[in-house]
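Some notes on the structure that comes next.
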Amino acid sequence: IAFAPTITSPSTGTIWLAGTKQNVTWVTSNVPSSIQDSTLVILLGFFANNSENLDIQHPLANSVPIMQGFAEITVPSNATLKTDYTVVVIGDSGDASKPFTI
């Protein structure tokens, strides 16, 4: 089964400050029972050149239970000002957040 949880936060209009703790949240009400024991990886990226430009070398979180519905992450302290960041939640499939600002 390929399932991509819908990210609810961050969303358009969200502003994160570099170095702060923030929550990434996603919908759990429609997670198929066959993958409810699965875990996720959360990556930061930014939209440019028709790509999500994901930082796979520095995940924001690893092994997060899909049914938890959230993960507290630390925004990288070296993040530069951009208005087109995205968070991607990856399990057996993935979903990207709407663009937001750091």
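Karplus-derived 3J(HN,Hα) values for the range 50-59, using 6.51 cos²θ - 1.76 cosθ + 1.60 with θ = phi - 60°, are 6, 9, 8, 6, 6, 8, 6, 6, 9, x Hz; glycine and proline are entered as x. Translational diffusion coefficient of the range 7-96 (Stokes-Einstein, Kirkwood radius from Cα pairs, 25 °C, 0.890 mPa s): 181 µm²/s.
Values in this text are rule-based calculations from the coordinates and carry no lab data. Nothing here was measured: the structure is a model prediction, and the numbers come from that model.
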